[in-house]
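Structure, as structure tokens:
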Amino acid sequence: MLLTLLYLYQHWKLRSITLKLLSHLDDSIVFYTFAEEGNVLSLVPFSSELCTNQSAAQIRDIILFTNCQRGVTVYPKQNIHLAAWITFPSTSHVIPFPFTSDESRCGDIPFNIYLLIETDVIPSVMGGNRMTMIEQFGKLIAWKVDTRISILLHSNENQFANLVVNTFLKNCFLINSKLPLIRIQSVTTSGSPQPFDAVKTVLPKDSYQAPRSTVPDIHWEKHINDLKKLSIFASQAAEYEYNKNRTEGKTGIAKPDLIQSTRKSELETHLSPNNSPNVSDLVKTVTSPRTTPRTSPLKAIAEVIPEEQSPIHTAICAKDQTSDPVPPTIETDKVRPKLVRSKGSMLKYAKPPNILVYSDSTVSRDCVIATLKEIVKENSYTIYALTPHQAKSKHWIDNTTLLVVCGYVSQDIGDSFTQYFLNGGYMMSVCSDLLHTILPTFRSHAEVREHELVQFSYGRWQKVKMMHHIFCYQPSPIKKHFSTDSEDHLSDQKPNSSAKVCSKRSVELCDQQKVIHNLQVQILGTEETWNTPSLLLATDPINSGVAIFSQVHLEANPNSYEQDEAKYGVLMQYEQARIEILTDLLTTHLKIKVQELPKKAKIQSEAYANGYFLGDHKVKYLLLDGLRTKMTEPNVIQTSKLKLTFCPRGTEPPKATAQLLPILVDACPEKFSTVDYFMTLSTEKIGRLALYSPVMTSSMDVLSNTIFDHGLVVIPLRQTAGKGRNDNQWLSPEGCGLFSMQLHIGLETHLGRTVSMIQHLLATAIVNAILSQDGYENLDLGIKWPNDIYAKNTKIGGIIVNSHMNANAIICNIGVGINLSNSTPTICINDLINEYNLKNGSSLSNLSLEKALALIFNEIERLIDTVQSGNLQQFLDLYYQHWLHSSAKVTVIDAKGSSKTATVVGIDEFGFLVVETTKGILTVHPDGNSFDMLQGLIIPK
């Protein structure tokens with residue numbers, strides 16, 4: 001009877017979990033563990049860092065919540081790209097752990113869920129042999145190894161529930177080979193993994209392979225290192241295939257001709273010490289443009305494999321193996337392109353000022369960003385969410401005007417924030433334990449109830465009621481004073497003396513160079529429940545850094561407390577005061593420009609307007625006829641984010657909104673001179689058809705997911721939601737020259753085989769279109785790799801390229817923004833012209849939007865024709881005339897995370913940067929950070 005009840009209970013529990021999982025299948029379902037280090041939980045992200053859309057992940061619901069375990073649902077559903085993963089072998093094998101394919105218990109049950117399983121790379125040494133064999137809960141699809149072992153399992157909801165019960169609900173976190181489980185997460189997938197039978201050719205002959213047995217501890221370290229080599233090789237194969245396909249952002253399966261030609265024996269023969277290629281020949285291979293077929297896949301991969309991680313052990317540049325490596329002498333002047341334009345290696349680059357927001361809570365982060373967008377001056381700052389990875393890299397430090405920090409901060413990230421502050425940075429810390437790091441003598445001596453309303457005063461804002469942080473920097477209720485280092489020397493103070501709440505007004509803080517900074521601390525505001533400091537100002541007299549620390553929730557939007565009517569009502573009553581206090585702190589102490597209008601006057605919907613279809617009447621209607629099959633209803637095209645309604649003469653257009661753009665087919669706009677535009681335009685295709693609108697969300701929204709016609713452009717006067725690379729904010733003020741363009745590039749054409757050069761071609765066309773005009777040759781315009789336009793060492797423009805393939809062509813949707821007549825957030829081209837006239841007594845005319853765009857489109861078509869006719873070198877010569885990187889020094893990070901300084905040589909045939917280090921010539925990529933593409937360049941894996 002007891003066994004029956006136990007069986008029924010387990011069956012009920014399994015059924016309950018299965019139903020809960022079924023109700024959340026549209027989201028990612030994540031179960032993950034925390035590591036406990038001493039008395040501190042080492043937090044991990046709730047969504048895996050392997051997910052391509054991790055930065056957008058938000059928690060929707062909580063399924064499991066214990067001290068060291070979490071079960072949550074996450075939206076949007078998280079995706080894993082598999083191009084750099086490896087399939088499992090078809091037979092039993094110890095890759096990455098022992099299993100046999102016949103051990104699956106799923107039988108012929110259909111699979112409908114992909115599960116990402118992550119473990120530590122070091123097996124547990126704890127006693128007990130109970131392990132969960134994950135192959136019993138689905139089909140093993142692919143794996144990869146770096147800092148963790150990651151497995152992709154194809155399963156179903158019942159087996160998913162079984163797996164959760166056998167691990168998280170039974171507190172059994174060891175899977176195959178005693179690997180400690182970190183995460184189970186449902187995901188979607190894209191791309192295809194590399195076949196194991198193809199990549200195993202680089203596996204060392206002495207690798208440990210023992211089917212159906214656990215790898216002994218003495219062999220485990222070597223086993224993991226071998227797996228990492230395979231993963232690195234798979235990543236390199238995916239990278240090469242990316243280049244081979246000549247598409248941006250699209251990686252296919254590594255073709256057999258790539259993998260099979262790179263067997264270890266062939267690599268050793270090709271790159272043995274006796275057959276080492278001449279270094280100068282290798283430099284030419286990397287830097288010289290080609291119109292002939294590519295170099296062999298063998299050499300292409302060998303060029304980018306870091307020496308320490310290569311599946312071979314012979315360095316390309318090694319003299320011999322008996323003496324220490326000697327850096328080769330490279331006659332770089334013979335292989336570097338001729339650089340007519342030179343800005344020098346010490347060039348300092350400036351972008352629009354960045355405001356960065358760091359928070360361990362997505363809710364707090366979003367509240368801060370939304371509030372800042374209400375307050376700060378429009379189109380003057382770019383506001384980014386700073387990720388933990390970016391915070392640790394420190395590439396943001398030199399490009400940040402203000403750092404806002406909320407909540408928990410780990411020690412290593414806290415050290416980065418301290419370095420920023422001591423380097424002269426401006427910072428606001430809101431309810432964050434960062435205060436302990438920078439002002440260690442201001443310790444928390446008590447706690448108040450969480451989510452407590454307090455009465456707070458600052459400047460002319462008296463007795464404002466706001467939410468207080470759970471930690472209160474104050475004495476306990478028994479104490480009647482605020483203490484710092486001593487509990488006794490202030491015992492005679494009166495409990496209500498706000499002027500003496502803290503006797504210590506300076507704090508010593510040591511920087512990384514062991515220089516002591518004597519910080520001056522001032523109390524700006526107090527909460528009146530305990531009469532303790534809740535708003536502190538710290539300044540560094542040495543480097544003029546400024547930090548504000550708030551223990552009241554200045555970031556908290558009242559809408560976060562809607563379910564608590566009492567608190568919501570009070571917070572709404574003081575909402576205007578919250579905005580005004582934040583505004584005063586930003587302007588008075590942190591030197592941020594704010595909007596002139598009060599908050600209430602700013603809250604209004606954007607005034608969207610009709611668009612206009614410009615171009616030859618016959619050609620316009622031919623295009624519309626060709627789009628009939630793609631229309632969801634007559635004259636309506638639905639892109640991924642925007643509905644386009646084409647309105648011929650006599651048709652009443654609907655009201656324009658953020659999601660709906662009416663386009664008048666037979667009318668002319670008022671604020672755009674079609675006469676000036678078409679009189680200047682001399683192209684055959686590019687710009688001949690144009691969609692114009694005074695205001696829209698983003699010109700790229702018009703082109704997304706729809707094939708129009710080669711050369712069609714979209715021209716907005718202003719955008720409300722412009723986006724740059726990696727979904728970064730793209731400031732689009734009025735006066736900015738904005739356009740998007742769709743190009744159709746034949747797969748077998750010269751540009752089709754090197755399509756990643758498109759962004760460089762666009763940048764060159766923009767600069768050269770202006771500098772090639774009579775009298776404008778000496779304007780200080782240049783190109784910063786890979787996609788920025790600079791004037792007087794300040795960024796004034798950028799380019800984004802999204803592309804996909806159809807059967808015959810690569811469809812490139814290109815977005816461009818360049819400051820033309822807007823002097824904010826940096827400077828503009830017409831400012832440059834006016835300054836040049838004043839300095840040289842000339843009378844160059846300012847460029848109108850219509851003329852500037854037409855000149856740029858003329859040059860784009862000319863350069864495309866140049867490259868397509870086989871004259872890539874002619875284009876590169878022009879590119880190097882305008883770029884800003886002659887002998888520039890950059891930071892390169894290798895696969896181990898160590899950094900070194902390198903010298904820029906040029907770009908390769910795909911537009912990637914080529915640099916020279918002491919070990920030879922390398923091709924490097926940006927690390928994806930939003931702050932400076934030339935900081936933290938990485939060697940491709």
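The values are calculated or read from the model by the stated rules, or taken from the named source; none is laboratory data. Quick caveat, the model's predicted, so the values are computed rather than measured. Ideal geometry is used to build each Cβ from the backbone, glycine not excepted, and the neighbour counts take in all protein chains shown. In case anyone asks, the SASA skips ligands and DNA or RNA and just uses the protein heavy atoms, side chains included. Shrake-Rupley method; radii C 1.70, N 1.55, O 1.52, S 1.80 Å.
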By accessible area with a 1.4 Å probe, ligands and nucleic acids excluded, highest first: order of Phe160, Phe111: Phe111, Phe160
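Can you tell me what the convex hull of the Cα atoms of the stretch 585-684 projects to on average, as an area in nm²?
On the way: hull surface 44.6 nm².
Averaging across all directions leaves 11.1 nm² for the Cα convex hull.
Could you order the peptides 422-434, 675-687 from most to least packed, using the average number of other C-beta atoms within 10 Å per residue?
Numbers: 422-434: 22.1, 675-687: 16.5.
With the highest mean Cβ count within 10 Å placed first, the list reads 422-434, 675-687.
Once you compute Rg and the Kirkwood Rh from C-alpha atoms, what is the Rg to Rh ratio for the stretch 662-725? Please report the intermediate quantities before stating the final value.
On the way: Rg = 12.5 Å, Rh = 13.0 Å.
Radius of gyration over Kirkwood radius for the stretch 662-725 works out to 0.96.
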Based on the mean of other Cβ atoms within 10 Å per residue, sort peptides 863-875, 757-769 so the most packed one is first. 757-769, 863-875
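Could you sort out which of Lys373/Lys465; Lys178/Lys222; Lys228/Lys514 sit more than 28 Å apart by Cα distance in this structure?
Numbers: Lys373/Lys465 23 Å; Lys178/Lys222 17 Å; Lys228/Lys514 38 Å.
Long pairs (Cα-Cα over 28 Å): Lys228/Lys514.
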Residue separation between Leu169 and Cys510 times 0.36 nm, minus their alpha-carbon distance, gives in nm 118.1 nm
With a Förster distance of 25 angstrom and the Cβ-Cβ distance between Asn705 and Leu22, calculated FRET efficiency to the nearest 0.05 equals 0.25
Solvent-accessible area of His24 with every protein chain in place, 1.4 Å probe, in Å² to the nearest 10: 30
Mean 1/r over distinct Cα pairs of the stretch 812-875, inverted to a Kirkwood Rh in Å, yields 14.0
By how many nm would the segment from Cys68 to Ser55 grow when fully extended, if each residue of separation counts as 0.36 nm and the alpha-carbon distance is taken off? 2.4 nm
Cβ neighbours within 10 Å, averaged per peptide: list 396-402, 507-513 in order, most packed at the top. 396-402, 507-513
What distance in nm separates the two pseudo spin-label positions at Asp197 and Asp666, each 7 Å out from Cα along the beta-carbon direction? 6.4
What is the extension gain from Gln595 to Met631, computed as 0.36 nm multiplied by their sequence separation minus the C-alpha to C-alpha distance, in nm to one decimal? 8.7 nm
Based on the Cα gyration tensor of the stretch 742-861, what are the three equivalent ellipsoid semi-axes, each the root of five times an eigenvalue, rounded to whole Å and given largest first? 31, 14, 12
